[in-house]
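Novice: So that we are looking at the same thing, I have put the structure below in structure tokens.
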Amino acid sequence: MIVAERKPIEEIMGFAKNCKKILMVGCNECVTVCYAGGRKEVAILASALKMAFKKDGKGLEVTEVTLERQCDHEYLEEIRNIVDEHDAIVSLACGVGVQFMAEKYLTTPVFPGVNTRFMGVTEESGVWSERCQGCGECILGQTAGICPISRCAKRLLNGPCGGSTNGKCEINKDLDCAWQLIIDRLKALDRLDDYEEIIPIKDWSTERAGGPRKVVREDLKQ
Amino acid sequence: MRLSYPDSIRIIRLPCTGKIDVIHIMEAFEKGADGVYVAGCLEGECHFIKGNLRARKRVEYTKKLLDDIGVGGERLEMYNIAASDGPRFAAVAREMHGKITALGPSPIKKSL
Amino acid sequence: MLGILFTSYEKMADEVEKGKIGSVMVVGGGIGGMQAALDLADSGFYVYLIEKSSSIGGRMSQLDKTFPTNDCSMCIMSPKLVECGKHLNIEILTLSDIENVTGEAGNFHVRLIQHPRYIDVDKCIACGTCAEKCPRKVPDEYNAGLINRKAAYIRYPQAVPLKYLIDAEHCIYFEKGRCKACEKFCPANAVDFEQKERKIQIDVGAIILAPGFQPYNPALNDTYQYGRYPNIVTSLEFERILSASGPYQGHLVRPSDGKEPKKIAWIQCVGSRNIHAGDKGYCSGVCCTYAIKEAMVAKEHSAIPLDAAIFYIDIRTYGKDFERFFNRAKDEMGVRFIKSRINTILPGEEEGDLTIRYVNAAGGIVKEAFDTVVLSVGIDIAPESIELAKNLGIELNHYNFAKTDSFDPVRTTRSGVYVCGVFQGPKDIPETVMQASAAAAEASSLLSTERNKLAKEKIYPEEIDVTGQEPRIGVFVCHCGTNIGGVVDVPMVTKYASTLPHVVVAQENLFTCSQDTQVKIKENIREHRLNRVVVASCSTRTHEPLFQDTIREAGLNPYLFSMANIRDQDSWVHQSDHKGATEKAKDLVKMAVANAAQLSPLYKTKLPATKRVLILGGGIAGMTAALNVAGHGFEVVLVEIEKELGGFARNLHRTLQGDDVQSYVAELIEKVTQNDKIQALTETILADFSGGKGNFKTALAVGPAMYHREVNHGALIIATGATEYTTHEYLYGEHSSVKTQVELEGILAKGENPIRDWKSLVMIQCVGSRNDANPNCSRVCCQQAIKNAIATKEVNPDINIFVLHKDIRTYGFSEDYYRRAREMGIQFLRFKTGGEPQVERAGEGIRVSFTDFTLGREMTINPDQVILSTGVVAGDTEELASILKVPLTSDRFFLEAHVKLRPVDTQSDGIFVCGMAHSPKRIDESVSQALAASTRACRLLSQDYIEVGGVVAKVDPELCTGCLICVRACPYEVPFINEDGVSEIDISKCQGCGVCAAECPAKAITLGHFEDTQILAEIDALLEAR
């Protein structure tokens, strides 16, 4: 899922500072699961904002809506009738949802309520960590299911660097060296031969380096 | 035990403090409460195993949030009081009342 | 009409005589009596709960905390008090004694005497005015005499029934013929000085005795100087000192001068383990652990660093997880443990202080000053209990406890009369609770044909459908005599209530809980078509069920009710501020009205229950449970993993008392295999498990061929036992002269007797127990060692036997055998920590060396045999626990739902545990627990339907994103993600805590009766326009 976390209240207050009435839109997908932008977080943030305004002697009205997803036209359409009543929209979706909202509603400013962090997993209740950077060319098949692009600080493709000490990364003692993990796992799978195979220079054009990306399925296009 | 405590306190009943929602606490402050405290069972004695531990974490989270918006996290507290411990219940009520009195009215209420 | 009856006259007489009665009398309203009463009343029997004092609750109500969890005693007990008090099928008769009992099992005629209370219980509203106005002060027994109560009084604030009484022995009116202050001031006209003793005759099918104990009176023995120096207190007095509801409101001070103590000593075995005049020869079994508890709690209470010293003979922390508790006190909290029997307490140099002379570890005599001394008094049987036994015609043992058999721990010598709790032998609370359920099992099995014949069931009118209706709220504000009305301006509050939104009618009542007000509330519901009711009065804890029942009688769903507590939370705590209290009352009423307007009806779903119990484990516990369940008329599937039934007891031959275990096991197996309600499946394992209470489904792999079989059952009992610790230490398995106790028992049983040739024998205790790897005490090994030592000595009187130990833990009556063993010349040598026994080869033979505790010197013995007391460890429970979703302790024994009060229930409803699967225990203890598990299972199945729902969590699948947060948050592992990818909560398992609702990030979960709209309405109502 996409993992996000709420922006500092102060920043959101800054977005809303000249508003009288804002529309706060949550998303019932990833950001709900990572406790950043679901129905509950919308309610908490709305209450916090209203209070912060009240404290300064200003009034703020907040309309709370949580959509099924903010990355699909149809769901975003659900708020069309009420958007114009508001001075601004605060979207608690990931960056994708915020942008799509802004693309759709051109006359109302759209502000992000969360910082979108990464694509990751729930390690345990309340702990999320990164697993994928969407490089567009998956090599997990060669690396025992552990991604050196997202989990090695240097994105090395053929083994650890000299900074790998006792299985930990040199940038942070709490961070596992991804290549140590890969080697240990390959060993356990009795597939160390895979490690011997050189992974060729990566074609980064499928990643961000090649500019914004697009996926098209002709058979599905209407 | 009929031990007196300040009459500024109103009690809202929950089946377990584990049911307390950040939203409930926020609502109380938004509507002008000067202080809120959550009174749960002693740690390790929750009838529902861990409700009071969850409540404490939520209270801690909400305190930070209240600090962020300038209401002041010190207006919110979590206490653990044994159900039979009337004296402590009254003592906590006095403590909280004293603390909130010292802090003065909530900045939200002032501007209401 | 003419009927023809072909029968002999004798047979007819026989049938009439044998007509059983579906009610049970429970004598004693302590925790044991309450448990037995509740188990039976919930299983379809009518129960008379007889209590000699003015209220139920017993000794447990006086305790501050309970070991080993240090839970607050009253907190955990009061729900049971309330449940007994309001149960439709429990009739509590207080101030009552049994005069005599005639008849026989199934049909007893009991004559009782009920002493007058001088207060009409139907009128008393427990306002406390009588006690307030009563001029006579009397030492308060509940507070162990440390403070005074009045002659008009209530035993303790949570007492059930919550009715005052007048103590005629001390009342001025009864002494001098004048006063009657209570009568004059009682607002309810409840005082009645004309009440007379009543004689009552009740017929019941069975009787359960649970009269409890009295603390040993140390004044009988001048050694302890009790009564001479005020700072020598009994442990019960100390409980009251520690208690928040006690004489000093929980401040730890000593009685003489209110000084906070700096040094407290506990003296163990006061009145126990002693055969001097007035003392008791048995071990009271609970004092070591309670002293540790008191020392820990005192240290926690004390503002200054408190020195706590416990003087003991042996520390007997033999219960489940008690050894850990002891270790924590010793190692983490710094409680000092001094092995020395105290013979003298002298006054100290400072005023009020005391001096104790003792022998220290170095063998020197030391004098140490303490400012308070606590006497850890033992358990004693009250003369009233001896009288009770006489009136009932049951036999007592040599210590005046009810006589029972090794294998039938709850049957007295009179058929149909059962016993539980301390009257059967010294024991702690969980064992009392287990035995209470066990006694209930025996009684309900005896009367199983009479189930639901005398038990009452309440029929309510059909419910009015209120869906779509605008709220129409009725508000009833209570004066509670002068309790509320004397402080709060009730007419003003009532007038205010009538102005609130949706309020159709608001009335004030003198006593809203009175019978006539219930009628009035119902009339109002009909007349004004009310669909919500608010009562502003006292505590929901005590009165909500009453009012809910009232509105139900008028056709309203009981959840359409809200209560404002303007007494306990208002008039009582703001007595001097009438205006403030009135304003607060208005707020509280406004909040309750706002809440009520948002309430919606909640329904319970009735699920049919499968009347079959699956029992895992075919040892003594499993077989005992199976036979009892079958005796209730339910089917049993008994699953045993081994080829034969019998379990670990197949290795045992005699009990400590000398009873034959093998023939007992054989008899059990015979009964189980002959019983047509029991299907015993051997060599069978559990493969899969699903469902909820009342309707479980289990897949079994049966027999050597492992054929698949599914069993539907309503309850499950885990009786999978434990295993003997297998040691590789002490040359075991390497030297033929090193054996285990079980092996020695086998040799003794065979009678081959190489024993006659042995000259000396060393037993080593705590092999595999009470060490770092396994910190627990295995409980049975000391008794087993003494049993085998005595048997060996009987065969070969010339043999020298040395028992090397840490402490000898012969709790209860088994202390007699420890004494006997010493008298026979068996030597008990305590070794020092760090000087544990070492076993080495010495040529052909063996040499045992250890450091003696008393002498502090290394000792060496060259015995013929070394016998290892290997402890008990849990079996391979992890897999089973994970399939059943039942938690384990850190030592892999099954964890009970509550250590004290739910000792055979697990956290999963419908799953129960007994025997060694719960913790190490003796056969009689396993039998008790097995019967208890059976009672709990049968209680569930005795109803035709299982009611689930009410205040439970519900998921809105439209809003749920399947995030798993509820799945992880639920303490009972109830929510799961269903086929549609959304969370689902099984209402039959939900406990209604609301943790999931509070954590759901999509706000998809609501908890019935505590919905966000309802809570927010209360908050908004309170704060709006402020």
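The values are calculated or read from the model by the stated rules, or taken from the named source; none is laboratory data. Fair warning: this is a prediction, and the values are worked out from it, not measured in the lab. We place every Cβ from the backbone using ideal geometry, glycine too, and count neighbours over all the protein chains shown.
Novice: Residue C:529 fails exactly one of the following numbered conditions: (1) surrounded by 21 or more Cβ atoms within 10 Å (Cβ to Cβ); (2) on the phi > 0 side of the Ramachandran plot. What is the number of that condition?
Specialist: Of the numbered conditions (1) surrounded by 21 or more Cβ atoms within 10 Å (Cβ to Cβ); (2) on the phi > 0 side of the Ramachandran plot, the odd one out for residue C:529 is (1).
Novice: Looking at the range B:59-71, is at least one residue in contact with a Ser or Thr (Cβ under 9 Å, 6 or more places away or on another chain) and either within 11 Å of chain C (Cβ to nearest Cβ) or within 30 Å of residue C:153 (Cβ to Cβ) (or both)?
Specialist: No, the range B:59-71 has no match at all.
Novice: Same structure, new question: So which of B:33, B:55 is in contact with a helix residue (DSSP H, G or I) (Cβ under 7 Å, 6 or more places away or on another chain) and at the interface with chain C (Cβ under 7 Å from one of its Cβ atoms)? Spell out how you get there, then give the answer.
Specialist: Details: B:55 fails: at the interface with chain C (Cβ under 7 Å from one of its Cβ atoms).
That would be B:33, the only listed residue that is in contact with a helix residue (DSSP H, G or I) (Cβ under 7 Å, 6 or more places away or on another chain) and at the interface with chain C (Cβ under 7 Å from one of its Cβ atoms).
Novice: OK, next. Only one of B:95, B:74, B:43 is more than 7 Å from every other protein chain (Cβ to nearest Cβ), surrounded by fewer than 19 Cβ atoms within 10 Å (Cβ to Cβ) and under 22 Å from residue C:77 (Cβ atoms). Can you tell me which?
Specialist: Numbers: B:95 fails: under 22 Å from residue C:77 (Cβ atoms); B:74 fails: under 22 Å from residue C:77 (Cβ atoms).
Going through B:95, B:74, B:43 in turn, the sole match is B:43.
Novice: If you check C:60, C:74, C:25, which single one turns out to be surrounded by 21 or more Cβ atoms within 10 Å (Cβ to Cβ), touching a residue at least 24 places away in the same chain (Cβ under 8 Å), touching a Phe, Trp or Tyr at 6+ places or on another chain (Cβ under 6 Å) and not basic (Lys, Arg)?
Specialist: Details: C:60 fails: touching a Phe, Trp or Tyr at 6+ places or on another chain (Cβ under 6 Å); C:74 fails: touching a Phe, Trp or Tyr at 6+ places or on another chain (Cβ under 6 Å).
Exactly one of C:60, C:74, C:25 is surrounded by 21 or more Cβ atoms within 10 Å (Cβ to Cβ), touching a residue at least 24 places away in the same chain (Cβ under 8 Å), touching a Phe, Trp or Tyr at 6+ places or on another chain (Cβ under 6 Å) and not basic (Lys, Arg), namely C:25.
Novice: Among A:205, A:164, A:150, which is closer than 28 Å to residue A:72 by Cα, hydroxyl-bearing (Ser, Thr, Tyr), outside the structural domain of residue A:15 (by TED's automatic domain parsing) and crowded, with 18+ Cβ neighbours inside 10 Å?
Specialist: Values: A:205 fails: crowded, with 18+ Cβ neighbours inside 10 Å; A:164 fails: closer than 28 Å to residue A:72 by Cα.
Sole residue among the options that is closer than 28 Å to residue A:72 by Cα, hydroxyl-bearing (Ser, Thr, Tyr), outside the structural domain of residue A:15 (by TED's automatic domain parsing) and crowded, with 18+ Cβ neighbours inside 10 Å: A:150.
Novice: Among the residues of the range B:14-28, what is the count of those that are more than 8 Å from chain C (Cβ to nearest Cβ), under 11 Å from the mean Cα position of the chain (by Cα) and under 11 Å from residue B:62 (Cβ atoms)?
Specialist: Residues in the range B:14-28 being more than 8 Å from chain C (Cβ to nearest Cβ), under 11 Å from the mean Cα position of the chain (by Cα) and under 11 Å from residue B:62 (Cβ atoms): 1 in total.
So that you can scan it fast, the table gives a plain yes or no per residue for (1) surrounded by fewer than 22 Cβ atoms within 10 Å (Cβ to Cβ); (2) at pLDDT below 95; (3) outside any strand (DSSP E or B); (4) touching a helix residue (DSSP H, G or I) at 6+ places or on another chain (Cβ under 8 Å):
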| residue | (1), (2), (3), (4) |
| --- | --- |
| C:352 | yes, yes, yes, no |
| C:358 | yes, yes, no, no |
| C:387 | yes, no, yes, no |
| C:413 | yes, no, yes, no |
| C:431 | no, no, yes, yes |
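Novice: Considering only residues that are farther than 23 Å from residue A:45 by Cα and either aliphatic (A, V, I, L, M) or at pLDDT below 95 (or both), which ones fall in the range A:108-122?
Specialist: Hits for the range A:108-122 are A:119, A:121.
Novice: Look through C:193, C:238, C:213 and report the one residue that is aromatic (Phe, Trp, Tyr), surrounded by fewer than 19 Cβ atoms within 10 Å (Cβ to Cβ) and modelled with pLDDT of 95 or more. Steps first, answer last, please.
Specialist: Values: C:238 fails: surrounded by fewer than 19 Cβ atoms within 10 Å (Cβ to Cβ); C:213 fails: surrounded by fewer than 19 Cβ atoms within 10 Å (Cβ to Cβ).
Answer to the selection: C:193.
Novice: Among the residues of the range A:137-147, is any among the polar types (S, T, N, Q) and either in contact with a His (Cβ under 6 Å, 6 or more places away or on another chain) or assigned to a helix (DSSP H, G or I) (or both)? I'd like the intermediate steps shown before the answer.
Specialist: Kept after step one, since they are among the polar types (S, T, N, Q), are these residues of the range A:137-147: A:142-143.
Checking which are either in contact with a His (Cβ under 6 Å, 6 or more places away or on another chain) or assigned to a helix (DSSP H, G or I) (or both) leaves us with none.
The answer is no, given that none of the residues of the range A:137-147 is among the polar types (S, T, N, Q) and either in contact with a His (Cβ under 6 Å, 6 or more places away or on another chain) or assigned to a helix (DSSP H, G or I) (or both).
Novice: Can you work out which of the residues in the range C:609-658 that are in contact with an Asp or Glu (Cβ under 7 Å, 6 or more places away or on another chain) and in a strand (DSSP E or B) is surrounded by the fewest Cβ atoms within 10 Å (Cβ to Cβ)?
Specialist: Restricting to residues being in contact with an Asp or Glu (Cβ under 7 Å, 6 or more places away or on another chain) and in a strand (DSSP E or B), the top hit is C:654.
Novice: Another question, then. Only one of C:902, C:892 is in contact with a strand residue (DSSP E or B) (Cβ under 9 Å, 6 or more places away or on another chain) and either of a type outside the set (Ser, Thr, Tyr) or not assigned by TED's automatic domain parsing to the domain that holds residue C:714 (or both); which? Reasoning before the result, please.
Specialist: Details: C:902 fails: in contact with a strand residue (DSSP E or B) (Cβ under 9 Å, 6 or more places away or on another chain).
Only one candidate qualifies: C:892.
Novice: Same structure, new question: Please give the number of the condition residue C:79 fails out of (1) touching a residue at least 40 places away in the same chain (Cβ under 8 Å); (2) within 12 Å of chain B (Cβ to nearest Cβ).
Specialist: (1)
Novice: (1) out of contact with any Lys or Arg (no Cβ under 9 Å at 6 or more places or on another chain); (2) of a type in the set (Ser, Thr, Tyr); (3) at pLDDT 95 or above: which one isn't true of residue C:732, the others all being true?
Specialist: Of everything listed in (1) out of contact with any Lys or Arg (no Cβ under 9 Å at 6 or more places or on another chain); (2) of a type in the set (Ser, Thr, Tyr); (3) at pLDDT 95 or above, residue C:732 misses just condition (1).
Novice: Here is a follow-up. Taking the conditions exactly as written (hydroxyl-bearing (Ser, Thr, Tyr), under 30 Å from residue C:896 (Cα atoms) and within 12 Å of chain C (Cβ to nearest Cβ)), does residue B:84 satisfy them or not? Outline the logic, then answer.
Specialist: Values: hydroxyl-bearing (Ser, Thr, Tyr): yes; under 30 Å from residue C:896 (Cα atoms): yes; within 12 Å of chain C (Cβ to nearest Cβ): yes.
Yes, satisfied.
Novice: Tell me, yes or no, whether the range C:542-557 has at least one residue that is closer than 26 Å to residue C:578 by Cα, in contact (Cβ under 8 Å) with a residue 60 or more places away in the chain and not polar (S, T, N, Q).
Specialist: Just the residues of the range C:542-557 that are closer than 26 Å to residue C:578 by Cα, to begin with: C:542-544.
Now drop any that are not in contact (Cβ under 8 Å) with a residue 60 or more places away in the chain, which leaves C:542.
If we keep only those that are not polar (S, T, N, Q) as well, we get none.
No - not one qualifying residue is present in the range C:542-557.
Novice: Going by the structure shown, is residue C:495 within 30 Å of residue C:188 (Cβ to Cβ) and modelled with pLDDT of 95 or more?
Specialist: When the stated conditions are applied, residue C:495 passes them.
Novice: Could you tell me whether the range C:774-781 includes any residue that is at positive phi, crowded, with 22+ Cβ neighbours inside 10 Å and not in a helix (DSSP H, G or I)? So that I can check it myself, show each step before the final result.
Specialist: Within the range C:774-781, the first condition is being at positive phi, and the residues that meet it are C:779.
Then drop every residue that is not crowded, with 22+ Cβ neighbours inside 10 Å, which leaves C:779.
Subsequent filtering for residues that are not in a helix (DSSP H, G or I) retains C:779.
Among the residues of the range C:774-781, at least one is at positive phi, crowded, with 22+ Cβ neighbours inside 10 Å and not in a helix (DSSP H, G or I), which makes the answer yes.
Novice: Also: Does at least one position in the range C:307-318 carry a residue that is outside the structural domain of residue C:774 (by TED's automatic domain parsing), surrounded by fewer than 18 Cβ atoms within 10 Å (Cβ to Cβ) and touching a helix residue (DSSP H, G or I) at 6+ places or on another chain (Cβ under 8 Å)?
Specialist: no
Novice: Would you confirm, using the coordinates I've provided, whether residue A:16 is in contact with a helix residue (DSSP H, G or I) (Cβ under 9 Å, 6 or more places away or on another chain) and within 14 Å of chain C (Cβ to nearest Cβ)? Please lay out each step first, then the result.
Specialist: Numbers: in contact with a helix residue (DSSP H, G or I) (Cβ under 9 Å, 6 or more places away or on another chain): yes; within 14 Å of chain C (Cβ to nearest Cβ): no.
It is false that residue A:16 is in contact with a helix residue (DSSP H, G or I) (Cβ under 9 Å, 6 or more places away or on another chain) and within 14 Å of chain C (Cβ to nearest Cβ).
Novice: Still on this structure: Give the number of residues within the range C:702-728 that are modelled with pLDDT under 95 and touching a Leu at 6+ places or on another chain (Cβ under 8 Å).
Specialist: 2
Novice: From the list C:123, C:163, C:137, which one is at pLDDT 95 or above and either outside the structural domain of residue C:108 (by TED's automatic domain parsing) or closer than 30 Å to residue C:107 by Cβ (or both)? Before you say what the answer is, go through the steps one by one.
Specialist: Details: C:123 fails: at pLDDT 95 or above; C:163 fails: at pLDDT 95 or above.
One residue alone meets the criteria, C:137.
Novice: Give me the pairs, please: first residue somewhere in the range C:406-421 and free of Cβ contacts under 8 Å to residues at least 40 places away in the same chain, second residue anywhere and in a loop (DSSP other than H, G, I, E, B) and of a type in the set (Asp, Glu), beta-carbon distance under 8 Å, and either six or more positions apart or on two chains.
Specialist: Pairs that qualify, where the first residue is free of Cβ contacts under 8 Å to residues at least 40 places away in the same chain and the partner is in a loop (DSSP other than H, G, I, E, B) and of a type in the set (Asp, Glu), are C:413/C:395.
Novice: Give just the number: which of (1) in a strand (DSSP E or B); (2) modelled with pLDDT under 95 does residue C:328 not satisfy?
Specialist: All conditions are met except number (1).
Novice: Outside any helix (DSSP H, G or I) and either crowded, with 21+ Cβ neighbours inside 10 Å or not assigned by TED's automatic domain parsing to the domain that holds residue C:449 (or both): which single residue out of C:173, C:248 fits that description?
Specialist: Values: C:173 fails: outside any helix (DSSP H, G or I).
Result: C:248 is the single residue among C:173, C:248 that is outside any helix (DSSP H, G or I) and either crowded, with 21+ Cβ neighbours inside 10 Å or not assigned by TED's automatic domain parsing to the domain that holds residue C:449 (or both).
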